[in-house]
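For reference, the structure discussed in these notes is given below.
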Protein chains: 2
Amino acid sequence: MAEIDTFRFSDSEYETRLSRVRAAMEARGIDTLITSDPSNMAWLTGYDGWSFYVHQCVIIGPSGDPVWFGREQDAQGALRTVWMNEPDLIGYPDYFVQSDERHPMEYLAAKLTERGWHTGRIGVEMDNYWFSAKGYQSLSAGLPNELFDVTNLINWLRGPKSPAELDRMRKAGKIVERMHARIAEKVEPGMRKCDLVAEIYDASLRYDADWGFGGDYPAIVPLLPSGADAAAPHLTWDDKRMVTGEGTFFEIAGCFRRYHCPLSRTIFLGKPTQQFLDAEKAVLEGMEAGLEAAKAGNLCEDIAIAFFSVLEKYNIVKDNRTGYPIGLSYPPDWGERTCSLRPGDRTVLKPGMTFHFMTGLWMEGMGFEITESIAIGETGPECLSNVPRKMLVKD
Amino acid sequence: MAEIDTFRFSDSEYETRLSRVRAAMEARGIDTLITSDPSNMAWLTGYDGWSFYVHQCVIIGPSGDPVWFGREQDAQGALRTVWMNEPDLIGYPDYFVQSDERHPMEYLAAKLTERGWHTGRIGVEMDNYWFSAKGYQSLSAGLPNELFDVTNLINWLRGPKSPAELDRMRKAGKIVERMHARIAEKVEPGMRKCDLVAEIYDASLRYDADWGFGGDYPAIVPLLPSGADAAAPHLTWDDKRMVTGEGTFFEIAGCFRRYHCPLSRTIFLGKPTQQFLDAEKAVLEGMEAGLEAAKAGNLCEDIAIAFFSVLEKYNIVKDNRTGYPIGLSYPPDWGERTCSLRPGDRTVLKPGMTFHFMTGLWMEGMGFEITESIAIGETGPECLSNVPRKMLVKD
């Protein structure tokens, strides 16, 4: 029935995911789970489309395949992208869209009731962009029992990647290699940021005949602040020209069928200042120490402590986490929002877990980013892409 | 203090906006307003950055300038983008980020309490992507009184655009003209979708010396489904080739400094089928009727009814709204989420209101989009861009 299969995995992969979710539900005593996170929806069903600006979700009921719920017109997109045969799609009428009189979650409550799924213990993702306070109130009002918070229940299961998922992430790694190579080739004093971003997008998208694939949109747009503005981690771009005597970091990701490989590098135009050379030395040494600790059985905090210890030696303070899990994502975040690489996070590393080892420094007057995306292995990490791990200096 | 000023309007424009918000708050009896919508945050303060994947907001207290609240590291971005002198920035420590032990909204509650802003009537945007159910619970738990729902209070004020805002939207209109011209130039049978998207991004971003500006990222990525898949309105792209005998719609927007001009066109490769010719005739005639009704004093539903009446004449059923307000936006939506162009919406049209007149048809076996973005005037609408209003046929 479905016509576009490029985004899908094998049925058995989806069936495995579903049974893992059901096991986790059972362990928490959840009869019906409602997931609003587009990444979780895609992971469970293959559903892909830019429809997350209206209320939608996937429902895992007490039995059977996942049920897709969304705007009526988007059921057409679901039909074309989900793995299930004769999929169970609930579309709400268009007058529920962005109305101040009715709410899609009222409609969902009624549909759950029709199916007799309203009486059990129902789990919702309370801290998710796509499940608003009002959505929660509207759904609650239509159901007899209190809702249970299952934020990140699925996200945690997404942590260790299957071989097919790792394959996608390595392809995303290829793409980000090409993006950084393009930047290195094109960047020069006088070039406008918006033109450089055009180059970055071009390198992220084009079909490569040798690879046999092209790119998808990343969950975060390119971030490339220069000079003192690079003290701010999340500025995007403007029309200004690149200037000699300034460092710029490029925080970008390759994306292949919604799977990400983020990777940052820093470029200095002209002769780097001592501050940049010191930052490079500390980050590269710290990264080696962190990668050494990135193996199965260790903890998330082990990577962070190894990295921070080196920074400390160099009297550099970084008061933010140094990484997060990555994989399948939709805007606004390419992270999975479960564990973090920071002291105190005692999550045990398992083979196939994937992280953006975010060793960025945002300091007074400058920013510096050289990062890696890695997959945890039994004895050490695999870097998901291969970009020269150094500051690029262009005179 | 701030170094990047490209995204900012004049101080007096921001002061006007603030006083309009305070008047609306007073009318609703709100002492303190908390806005989590990145578009509202930018409209009030100029704040710009891709940080909306963590909890953040702007607070309008009983007096004084807006207060920015966000992750500590993002205060650096705020410092560089907001209009306020010596801005009042509250940054929460990084261990609040994506933690299952503590929530940024607990921190906010404590800060409001310190300022004595906790006892009044506090308004929050209950139905916003960026104010989660958990965020609501955490904030509520830290404050003595019930929170009030002010969803879209600011969005409604954003409806009629200032001359400076209209200027930005016309610039976005220039960009979308260039994007459609590029598609028309490049599209041909055999071209891969991902390569066509690379062309679209290039045209949306490059600096134009005649114009004196380049482009920003749109709040929605290009949508370009072909053939029967175009029955689904929100599919993005894949690596497949464009094929003779298929129609493809291109739903894209130009974006200039976060202001959008969406515009869709349909291209048929080869000889269009009768269904496409019929759709074109109905949509163009319906659009004329709708534009006729798009003037100050009329209602939103007048545009919709005028359009739908023509469709009815041609026995075409469109069971979704036919437009929405546009302007300043961040992902996931370039709409303002207030009124809609649909029967029953009796919002009065005012000069300077801007809409995407979304006359798209998603039907069995095909999709067809020819749309316009318009500004309401006293006697009729202004089209914000000038792209030939017809189906493009390329043999």
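How large is log10 of I(q)/I(0) for region A:193-265 at q = 0.18, 0.25 Å⁻¹ when the intensity is taken from the Debye formula with one equal scatterer per alpha-carbon?
Scattering profile of region A:193-265, log10 relative to I(0): -0.73, -1.16.
Give, in whole angstrom and from largest to smallest, the semi-axes √(5λ) of the equivalent ellipsoid of region A:62-142, with λ running over the eigenvalues of the Cα gyration tensor.
20, 17, 12
I'd like the Kirkwood hydrodynamic radius of region A:24-109, using the inverse of the mean 1/r over distinct C-alpha pairs, in Å.
With all distinct Cα pairs of region A:24-109 included, I get 13.3 Å.
Round to the nearest 10 and give me the degree value, 0 to 90, for the angle of helix A:11-28's Cα axis relative to the longest principal axis of chain A.
80
Label position 7 Å from Cα toward Cβ: report the copy-to-copy distances for B:Lys394 in nm, one decimal, ordered from shortest.
Values, ascending and in nm: 3.1.
Need one number: the % of Cα-Cα pairs in region A:32-185 sitting beyond the 29 Å mark.
Values: 2678 of 11781 pairs.
Roughly 23 percent, once rounded to a whole number.
Give me the aspartates and glutamates in straight-line cross-link reach of B:Lys394: C-alpha distance below 12 Å, same-chain residues under 8 apart excluded.
B:Glu185, B:Glu188, B:Glu246
Taking each label point as 7 Å beyond Cα in the direction of the beta carbon, state the distances from A:Ala141 to the same residue in the other copies, shortest first, in nm.
Going from nearest to farthest copy, the values are 2.4 nm.
Please give the direction-averaged projected area of the C-alpha convex hull for chain B, in square nanometres with one decimal.
With the hull built on Cα positions only, its mean projection is 20.3 nm².
What's the whole-number percent of alpha carbon pairs in region B:288-344 lying beyond 19 angstrom?
The calculated P(r) of region B:288-344 puts 34 percent of pairs beyond 19 Å.
For the protein assembly as shown, what log10 I(q)/I(0) values come out of the Debye formula at q = 0.06, 0.07 1/Å, with one point per alpha carbon and no solvent?
-0.34, -0.48
Can you show me the helix-derived [θ] at 222 nm for chain B, built from DSSP H runs with n ≥ 4 at -39,500 (n - 2.57) apiece and divided by the number of residues, rounded to the nearest 500.
-10500 deg cm²/dmol
Computed FRET efficiency, Cβ-Cβ of B:Glu288 and B:Ser10, R0 30 Å: what is it to the nearest 0.05?
For B:Glu288 and B:Ser10, the calculated efficiency is 0.20.
Provide the solvent-accessible area of A:Lys240, counting protein heavy atoms only and rolling a 1.4 Å probe, rounded to the nearest 10 Å².
Approximately 90 Å² of A:Lys240 is accessible to the 1.4 Å probe.
Give the share of C-alpha pairs in each 10 angstrom bin for region A:250-395, from 0 to the last occupied bin, in whole percents, shortest bins first.
Reading upward from the zero bin: 12, 43, 35, 10, 1.
What are the residues of region A:286-319 that lose 20 Å² or more of accessible area, with a 1.4 Å probe, going from their chain alone to all protein chains?
Listed by number, the residues meeting the 20 Å² cut-off are A:Asp319.
Averaged over B:194-206, how many beta carbons belonging to a partner chain fall within 10 Å of each residue's beta carbon?
Working: counts 9, 5, 1, 9, 10, 3, 2, 8, 7, 1, 4, 13, 6.
Neighbouring Cβ atoms belonging to other protein chains average 6 per residue here.
Which ³J(HN,Hα) values in Hz, rounded to whole numbers, follow from the phi angles of region A:353-368 under the Karplus curve 6.51 cos²θ - 1.76 cosθ + 1.60, where θ = phi - 60° and Gly and Pro get x?
Per residue, the Karplus-derived 3J(HN,Hα) values read 5, 10, 9, 8, 7, 8, 8, x, 10, 10, 10, 3, x, 6, x, 8 Hz.
Between region A:187-213 and region A:313-337, how far is it from one alpha carbon centroid to the other, in angstrom?
24
Using the Kirkwood radius built from alpha carbon pairs, what does the Stokes-Einstein equation give as D for region B:106-235 at 37 °C and 0.692 mPa s, in µm² per second?
Taking Rh from Cα pairs, D becomes 171 µm²/s.
Hey, what's region A:245-395 come to in accessible area per residue, 1.4 Å probe, Å²? Mind dumping the intermediate values first?
Numbers: 5040 Å² over 151 residues.
The answer is 33 Å² per residue.
Using only Cα atoms, tell me the angle between helix B:193-205 and the longest principal axis of chain B; keep it within 0 to 90° and round to the nearest 10.
The angle comes out at about 60 degrees.
In chain B, what percent of the accessible surface is made up of carbon and sulfur (1.4 Å probe, ligands and nucleic acids excluded)?
Its accessible area is 48 percent carbon and sulfur atoms.
Please give the residues of region B:203-220, grouped as numeric ranges, whose backbone N is less than 20 Å from a label point set 7 Å along the Cα-to-Cβ vector of A:Trp211.
It comes to B:203, nothing else.
Note down the net charge around B:Phe96, summing +1 for each Lys or Arg and -1 for each Asp or Glu among other residues with Cβ under 10 Å from its Cβ.
-2
Given the Cα-Cα distance of A:Thr379 and A:Leu277 and 0.36 nm per residue of separation, how much length would full extension add, in nm?
Between A:Thr379 and A:Leu277, full extension yields 33.6 nm more.
Can you give the FRET efficiency for B:Thr119 and A:Arg115, using 1/(1 + (r/R0)^6), R0 = 51 Å, r = Cβ-Cβ distance, to the nearest 0.05?
Step by step, r from the Cβ atoms, then E = 0.70.
On a 0 to 90° scale, report how tilted helix B:104-114 is relative to the longest principal axis of chain B, with both axes built from alpha carbons and the result rounded to the nearest 10.
Computed tilt is about 40 degrees.
At a threshold of 8 angstrom on Cα-Cα distance, excluding pairs fewer than six apart, so keeping six or more, what relative contact order does chain B reach in percent?
Relative CO of chain B lands at 14 percent.
Note the buried accessible area between B and A here, summed over both chains, with a 1.4 Å probe, in Å² to the nearest 100.
Numbers: alone 16730 and 16760 Å², together 26440 Å².
Buried surface at the B/A interface: approximately 7000 Å².
Evaluate the Debye formula for region A:162-226 with equal point scatterers sitting on the alpha carbons, no solvent, and hand back log10 of I(q)/I(0) at q = 0.25 Å⁻¹, in q order, two decimals.
For region A:162-226, the Cα-only Debye profile gives -1.14.
Take every DSSP beta bridge with both residues inside the protein assembly as shown and express the antiparallel ones as a percent of the total, to the nearest 5.
If I count the DSSP bridges inside the protein assembly as shown, around 75 percent turn out antiparallel.
What pairs from A:Lys193/B:Lys186; B:Lys193/B:Lys350; A:Lys186/A:Lys350; B:Lys318/B:Lys350; B:Lys193/B:Lys271; A:Lys161/A:Lys313 go past 29 Å between their alpha carbons?
B:Lys193/B:Lys350; A:Lys186/A:Lys350; A:Lys161/A:Lys313
Over region A:174-326, how many percent of alpha carbon pairs lie in each 10 Å bin up to the one with the longest distance?
The calculated distribution, bin by bin, is 10, 34, 35, 20, 2.
Treating the point 7 Å from Cα along Cα-beta-carbon as the label, what are the nm separations from A:Arg115 to the other copies, to one decimal?
4.4
Which net charge results for the neighbourhood of B:Tyr324, defined as the other residues with beta-carbon distances under 11 angstrom from its beta-carbon, given Lys and Arg at +1 and Asp and Glu at -1? Mind dumping the intermediate values first?
Working: positive: B:Arg321, B:Arg337, B:Arg342; negative: B:Asp333, B:Glu336, B:Asp345.
Around B:Tyr324, the charge tally is 0.
How high is the FRET efficiency between A:Ala181 and B:Arg102 when r is their beta carbon distance and R₀ equals 41 Å, given to the nearest 0.05?
Working from the Cβ atoms, E equals 0.50.
Quote the convex hull volume per residue of region B:319-395, based on C-alpha atoms, as a whole number of Å³.
137
Describe numerically, in nm with one decimal, the distance between label points set 7 Å from Cα along Cα→Cβ at B:Lys240 and at B:Leu147.
Once both label points are built, they end up 4.3 nm from each other.
The values are calculated or read from the model by the stated rules, or taken from the named source; none is laboratory data. Not measured: the values here are computed from a predicted model. Heads up, the Cβs are rebuilt from the backbone with ideal geometry, glycines too, and the neighbour counts pull from every protein chain shown. The accessibility values were calculated without ligands, DNA or RNA, using every heavy atom of the protein model including side chains. Shrake-Rupley method; radii C 1.70, N 1.55, O 1.52, S 1.80 Å.
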